[in-house]
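To start, the structure itself, in structure tokens.
The values are calculated or read from the model by the stated rules, or taken from the named source; none is laboratory data. Remember, predicted model here, so these are calculated numbers, not experimental data. Reconstructed Cβ throughout: ideal geometry from the backbone, glycine too, with neighbour counts over all protein chains shown.
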Amino acid sequence: MARILIIQGHPDTDQNHLCHAIADAYQDGAIESGHAVDTITVANQDISFLRSKAEWEDGDLPAFATEDQSKIRDCNHMVLIYPLWMGDIPAILKAWIEHVFRKGFAFEMGKNDWHGALKGKSARVIVTMGMPSLVYRWFFVAHSVRSLDRNILKFCGIRPVRWSIFGNAEDPSGDAQQKFLDTARTLGRNAV
């Protein structure tokens, strides 16, 4: 049985977005297969922006970051779900990552080296976008997902990191959205 943490990164608190439905489908599939599931909804938290290196390195952790670090510590698989906004992750999700994935929790730095402190955990990144996923992968080289994968998750020791890029998220027929939900439910059942 996997211990899964779903991190809902959609910045809007309205629960009627495709990202919310994908999170629900993943959770339903995971629970059907007997996996334990916990959730974090980034938009419901009071997140400030870090404005200096000193604040990031030595500033006090907000209460939400302490609680969310505990949830990350307790899971063995994370699922990050968010919409692509202006070619990147939404600003509130980036600010959350900066608070939560700090030195001393997510990684350690010595005088001459660093090492990830979240080894033994895996992750799934699920991104929705209006453009076709093939265009994002080939023309834009999936740059923001690659950055999150390499520069944050793998840097912190999380491996493997798998991606699901759901393009054409505004398909008026609803066929694409149904396919995404079916895929998310299957991923949840398999805890990947």
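Quick rundown of the values:
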| item | result |
| --- | --- |
| Region 134-180: number of residues that are in contact (Cβ under 8 Å) with a residue 40 or more places away in the chain, over 14 Å from the mean Cα position of the chain (by Cα) and surrounded by fewer than 20 Cβ atoms within 10 Å (Cβ to Cβ) | 6 |
| So residue 100, is it farther than 19 Å from residue 68 by Cα, touching a helix residue (DSSP H, G or I) at 6+ places or on another chain (Cβ under 9 Å) and at pLDDT 95 or above | no |
| Residue among 91, 65, 95, 30 that is among the hydrophobic types (A, V, I, L, M, F, W, C), at pLDDT 95 or above and either under 24 Å from residue 1 (Cα atoms) or in contact with an Asp or Glu (Cβ under 9 Å, 6 or more places away or on another chain) (or both) | 30 |
| Hey, residue 154 modelled with pLDDT of 95 or more and farther than 30 Å from residue 16 by Cβ or not | yes |
| Flag if residue 22 is in a helix (DSSP H, G or I), surrounded by fewer than 15 Cβ atoms within 10 Å (Cβ to Cβ) and either modelled with pLDDT of 95 or more or touching a helix residue (DSSP H, G or I) at 6+ places or on another chain (Cβ under 9 Å) (or both) | no |
| Every residue from region 49-75 that is part of a loop (DSSP other than H, G, I, E, B) and either on the phi > 0 side of the Ramachandran plot or surrounded by fewer than 11 Cβ atoms within 10 Å (Cβ to Cβ) (or both) | 51, 52, 60 |
| Output for region 1-57, where each listed residue is touching a Ser or Thr at 6+ places or on another chain (Cβ under 8 Å) and among the hydrophobic types (A, V, I, L, M, F, W, C) | 5, 6, 7, 18, 19, 22, 23, 43 |
| Evaluation of residue 122 against (1) more than 20 Å from residue 26 (Cβ to Cβ); (2) in contact (Cβ under 8 Å) with a residue 60 or more places away in the chain (one fails), failing number | (1) |
| Test: residue 38 is part of a strand (DSSP E or B), at negative phi, at pLDDT 95 or above and of a type in the set (Asp, Glu) | yes |
| Some residue of region 174-192 being in contact with a Lys or Arg (Cβ under 9 Å, 6 or more places away or on another chain) and assigned to a helix (DSSP H, G or I) | yes |
